Amino acid sequence: MKLPDDYIEILGFSSPTDLIENLYLKSFIDAYYKVLKIKNIHNFNENKIRNEFQKILCYSSGLLSDLLNNNLIILGLENQIIKQNGKLRRTDIELIIPCLKYVVECKRLKGTNKKQYIDDGISRFINNKYIGINEKYAGMCSFVIKGNIEKIIIGTKDRISKYYNILIDKKKIVIINFHLAQLILK
């Protein structure tokens, strides 16, 4: 068996990108709508919001939940990784199949605060602080809990583009109803 390609095909997907886009990201979008209905979710901290996402992914996300509960995909929750410099880091969410790990870093947004999101979030993500240097697939999930959603999305994209001198296209960001579940593919 050629891993992970044959394993991905057994799961019913044609490639890692197909698996990520049509199972993982769609499951995150589905989970977003369910999390949105939780009473007082806007008052939860980042970890509590992430925990609600994790529960929904495990127990009420259709095919992904089935695959997780049958141990065909492993859901890593706050796994520690040891960086080359010996420092310990923790990932928020990992979806793992043989020879392929998809890591998701979660951030809570109150606006386009540079320190909060760019320095503490995107910078750590891009510079592999919470993912291994050899990880090929990773994403960020941002929870907007306060402010004008459309302005936050536009402002965040502009700040990221200017700060890192990169163009962010629509394919790399999934926006749900301008309530934002933002997943930036690495």
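The values are calculated or read from the model by the stated rules, or taken from the named source; none is laboratory data. None of the values given here were measured: they were computed from a predicted structure. We place every Cβ from the backbone using ideal geometry, glycine too, and count neighbours over all the protein chains shown.
The figures follow:
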| item | result |
| --- | --- |
| Odd one out for Lys107, checked against (1) in contact with a Ser or Thr (Cβ under 7 Å, 6 or more places away or on another chain); (2) touching a residue at least 60 places away in the same chain (Cβ under 8 Å); (3) under 19 Å from Ile8 (Cβ atoms) | (3) |
| Residue satisfying condition, being surrounded by 11 or more Cβ atoms within 10 Å (Cβ to Cβ) and of a type in the set (Lys, Arg), within set Lys87, Lys26, Lys39 | Lys26 |
| Every pair of residues 6+ apart whose Cβ atoms lie under 6 Å, when the first sits in the stretch 148-172 and is under 17 Å from Leu109 (Cβ atoms) while the second is assigned to a helix (DSSP H, G or I) and at pLDDT 65 or above | Arg159/Ile118; Ile160/Ile122; Tyr163/Ile118; Ile168/Lys157; Ile168/Ile160; Ile168/Ser161 |
| Within the stretch 1-46, tally of residues that are in contact (Cβ under 8 Å) with a residue 24 or more places away in the chain, outside any helix (DSSP H, G or I) and closer than 26 Å to Lys136 by Cβ | 3 |
| Checklist (1) of a type in the set (Val, Ile, Thr); (2) farther than 23 Å from Ile145 by Cβ; (3) more than 13 Å from the chain's Cα centre (by Cα) applied to Ile20, failing item | (3) |
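Residue by residue, here is whether (1) at pLDDT 95 or above; (2) touching a Cys at 6+ places or on another chain (Cβ under 8 Å); (3) of a type in the set (Phe, Trp, Tyr); (4) in a helix (DSSP H, G or I) holds:
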{"position": "Lys48", "(1), (2), (3), (4)": "no, no, no, yes"}
{"position": "Phe53", "(1), (2), (3), (4)": "no, yes, yes, yes"}
{"position": "Leu57", "(1), (2), (3), (4)": "no, no, no, yes"}
{"position": "Ile81", "(1), (2), (3), (4)": "no, no, no, no"}
{"position": "Asn85", "(1), (2), (3), (4)": "no, no, no, no"}
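Per-residue answers, yes or no, for (1) of a type in the set (Lys, Arg); (2) at pLDDT below 70; (3) not in a loop (DSSP other than H, G, I, E, B):
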{"position": "Ile131", "(1), (2), (3)": "no, yes, no"}
{"position": "Glu135", "(1), (2), (3)": "no, no, no"}
{"position": "Cys141", "(1), (2), (3)": "no, no, yes"}
{"position": "Glu150", "(1), (2), (3)": "no, no, yes"}
{"position": "Ile153", "(1), (2), (3)": "no, no, yes"}
{"position": "Thr156", "(1), (2), (3)": "no, no, yes"}
{"position": "Ser161", "(1), (2), (3)": "no, no, yes"}
{"position": "Ile168", "(1), (2), (3)": "no, yes, no"}
